[in-house]
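The values are calculated or read from the model by the stated rules, or taken from the named source; none is laboratory data. All values derive from a computational prediction rather than experimental measurement. Here the Cβ positions follow ideal geometry from the backbone for every residue, glycine too, while neighbour counts run over all protein chains shown. Please note that ligands, DNA and RNA were not included when accessible areas were found on the heavy atoms of the full protein model with its side chains. Shrake-Rupley method; radii C 1.70, N 1.55, O 1.52, S 1.80 Å.
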Amino acid sequence: MQYIGRLDRALLSEQALTAIRRAIVAGELAPGTPVKDVELAARMGLSRTPVREALARLTDEGLIETKPHSYTRVTRLDSAAVRDAHAVVQSMHGLATRLAVPKLTQRHLDAMRAANMKFAVAVDASALEDAIACDDAFHDILVQASENRAIAATIRRYTPLLHRAIYLYLGSPLGRDSAPMHERIIAACEAGNAEEAADLAERNWATLAVLMEKKP
């Protein structure tokens, strides 16, 4: 068996994308910070190619902005862009939930409960990164069960901007009301009530806008 061989460049690009995106979202790379592919590549032990590919995707996500022959930098957080992204993500999660409910199995419901339990623990511990990850895991079960790739792609496209707003605006885990609301979503899903579950999912995402409006 051969263990050593060429690494998949696409995989390296995904790894670079994940690392740089997390650094931007968490504020390690602050708004306005100049970004140089050669420096990032050196820090990650990669060639410049996967880093360039990652930066191109982050530009599409609105986390990086580039002016040819002038600069490449982390975008400053635009409140209007955050509101636009939130409206899209909120609607897409509602639609995903509506489509997912008829397809859910007990395995899906158990996974949602497990994710919500972890979410509640993270919130109680004021572990922001863990809380965001667990909240994503909870909602992603419904997104994947919807079996709609366009919805999934749209959510992936705009969610990092919302994560970044959570870090910069809130600096603390999502509202404590989210875990009980997740339980209500699960109950509606278990009852097969797609409309109620979708409405609850959208209301759950609506709380994020309320929290950000209360930022100091």
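Just a few scattered comments:
- Here A42 and R156 are evaluated by their C-beta separation; at R0 = 25 Å the FRET efficiency comes out at 0.35.
- Rolling a 1.4 Å probe over the protein heavy atoms of region 79-212, with every protein chain left in place, gives an accessible area that is 55 percent carbon and sulfur.
- Counting 0.36 nm for each residue step from N193 to D130 and taking away their Cα separation leaves a gain of 19.7 nm.
- For K118, the aspartates and glutamates whose Cα comes closer than 18 Å to its Cα, not counting residues fewer than 8 places off in the same chain, are D110, E129, D130, D135, D136, D140, D177, E183.
- Model label sites at Q106 and V121, defined 7 Å from Cα along the beta-carbon direction, differ in position by 2.4 nm.
- Sparsely packed loop sites in region 6-111 (the trypsin sites (Lys or Arg not before Pro) outside DSSP H, G, I, E and B with at most 15 other Cβ atoms within 10 Å) comprise R6, K36, R76.
- Across the accessible surface of region 8-74, with the other protein chains kept in place and a 1.4 Å probe, carbon and sulfur atoms take up 51 percent.
- Heavy-atom accessible surface of the chain, averaged per residue, reaches 55 Å², computed with a 1.4 Å probe.
- Tail beyond 20 Å, pair distance distribution of region 79-212 (Cα, percent): 39 percent
- FRET efficiency, T66 to L11 (Cβ-Cβ, R0 30 Å, nearest 0.05): 0.80
- In nm, spacing of pseudo-spin labels at N148 and T33 (7 Å Cα→C-beta vector): 3.6 nm
- The calculated FRET efficiency for the pair A80 and R203, based on their C-beta separation and a Förster distance of 22 Å, comes to about 0.45.
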